[in-house]
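Structure first, commentary second.
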């Protein structure tokens, strides 16, 4: 079975390897403006999941052109909506996986040898 999620550590490793990555925040615009996952090594876009469902294609042309050349990492607060969005994107032929635990997990401090 294919793993359809990325852990925080796997995302860090992808970015360090300079793999082409698109971080796709699928929360509503207000939550996105209050903070999201960003990196100098990746593009970040906000496409709310509800908008993906309302359209014939889940992404607009500009976002689609970036997504076709990158590993898409969907993010939301807890990871649930991101997993649904990643599944929808995979149905449309994108290479997409969700961030496990969402931004909550991303923002947790690293634990030292528990």
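For the chain, averaging the sequence separation of C-alpha pairs within contact (under 8 Å, six or more residues apart) and dividing by the residue count gives a relative contact order of 30 percent. Taking 79, 101, 93 as the candidate residues, the one with maximal mean-square fluctuation in a Gaussian network model of the chain, Cα springs under 10 Å, is 93. Build a GNM of the chain with springs between Cα atoms under 10 Å apart, and of 80, 34, 46 the one that fluctuates most is 34.
Calculated mean residue ellipticity, 222 nm, the chain: -10000 deg cm²/dmol, from DSSP H runs (n ≥ 4) at -39500 (n - 2.57) each, averaged per residue and rounded to 500. Rounded to the nearest 5, what % of DSSP beta bridges with both residues in the range 5-106 are antiparallel? Percentage antiparallel, nearest 5: 0. Tell me the label only: which of [x] 32; [y] 22; [z] 58 is percent of Cα pairs over 23 Å apart as calculated from this structure? Looking at percent of Cα pairs over 23 Å apart for this model, the match is [y].
Taking 68, 90, 33 as the candidate residues, the one with maximal mean-square fluctuation in a Gaussian network model of the chain, Cα springs under 10 Å, is 33.
Values in this text are rule-based calculations from the coordinates and carry no lab data. In this text, all values refer to a predicted model and were calculated from it rather than measured experimentally.
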